[in-house]
Amino acid sequence: MNAGTGAVDLTGRSALVTGGASGIGLACVEALAAAGAEVVVLDLNGDAAARVADSVGGTSLQADLGDPACLDALELRQDILVNNAGFQLVSPVAEFPPEGFTTMQRVMVEAPFRLIRAALPRMYERGYGRIVNISSAHGLVASPYKVGYVTAKHGLEGLSKVVALEGGPHGVTSNCINPGYVRTPLVEGQIAEQAKVRGIAESDVLEQVLLTRSAVKRLAEPAEIAQLVVYLCSAQASYINGASLPIDGGWTAG
């Protein structure tokens, strides 16, 4: 931390954020850069990634996380890896598209595994690494109509814990952050789907579905998630390892 300010100082550190062009990923890129880290913005949308990278003095990388060959071609040298990218499909299990289920596991479980696998050797060499996996409250509990997402986030939790056990002796920590509903395009994009599958008006989705189990009746802001990411990437957080940290307004407390 900077002396006298209490702010996390990541000067000299390098970070890779997946899905870094929007939503929580964008907030993480901005917060890590503000803390002094050199940030690589990875996103499926290469143009958006380039714009974000330019705005923070970082670099961009266009990649399809659903393409294993694309991921295996990457050479990761970063101290910090934030696995954030994901997407949502809302449908009953009996109607859930199998190809969508498979793609969700590939993007949200297999891709983090491949990126972590590529990043660990150099983290081990340096004796320092921070892996932050943006999971979800749905990595801890389930909701109907989200079988692909809930399965993927539970898988990510297991991956993170194994990496924590193996990486801890080498100075590498691995943790999950478990947001509730956050004000992002991903959440806004599922309102129509939730209304359709539940037979309610779109205007009722926020109160009747998204916030019904949260004691704090508002959406989280991406910056709130990003501030915890930054702290977990600091030297001061070296004893936080293998944790799943909810930021969900009390959703999973009940």
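All of the numbers you see were taken from the coordinates with simple rules; none came from a lab. As the structure is a prediction and not an experimental result, all values here were calculated from the model. Please note: Cβ atoms are built from the backbone with ideal geometry, for glycine as well, and neighbour counts cover all protein chains shown.
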Inset, instruction - Using the charge dipole of the chain (Lys, Arg: +1 at Cβ; Asp, Glu: -1 at Cβ; taken about the Cα centre), state which of ALA137, GLY12, PHE101 has its Cα farthest towards the positive end. - result: ALA137
Inset, instruction - With a length cut of 15 Å (Cα positions projected on each helix's long axis) and a Kyte-Doolittle mean of at least 1.6, go through the chain and give me the DSSP H helices that pass. - result: 23-34
Legend entry - ASP72-SER203 FRET efficiency (beta carbon distance; Förster radius 35 Å; 0.05 resolution): 0.20
Inset, instruction - Write out the GluC sites (Glu not before Pro) in region 1-77 meeting two conditions: DSSP loop, and at most 11 other Cβ atoms within 10 Å of their Cβ. - result: GLU75
Inset, instruction - Compare ARG213, ARG198, ARG77 in a GNM of the chain, Cα atoms joined below 10 Å, and give the one with the largest fluctuation. - result: ARG198
Legend entry - Nonlocal amide H pairs with ILE247, under 5 Å, H built at 1.01 Å: ASN178, GLY180
Inset, instruction - For region 18-68 and region 88-151, compute the distance between their C-alpha centroids and round to whole Å. - result: 18
Inset, instruction - Mind checking the full-extension length gain between GLN62 and GLU125? Use 0.36 nm per residue of separation minus the Cα-Cα distance, one decimal, nm. - result: 20.0 nm
Inset, instruction - About the Cα centre of the chain, how large is the charge dipole given +1 on each Lys and Arg Cβ and -1 on each Asp and Glu Cβ? Please answer in debye to the nearest 20. - result: 540
Legend entry - Gain upon complete extension [ALA235, ALA215; 0.36 nm per residue less C-alpha separation]: 4.0 nm
Legend entry - Within the chain, percent of DSSP bridges classed antiparallel, to nearest 5: 0
Legend entry - By average C-beta atoms within 10 angstrom, highest first, the peptides 10-20, 121-131: 10-20, 121-131
Legend entry - Relative packing of 103-110, 79-86, which averages over residues the other C-beta atoms within 10 Å, highest first: 79-86, 103-110
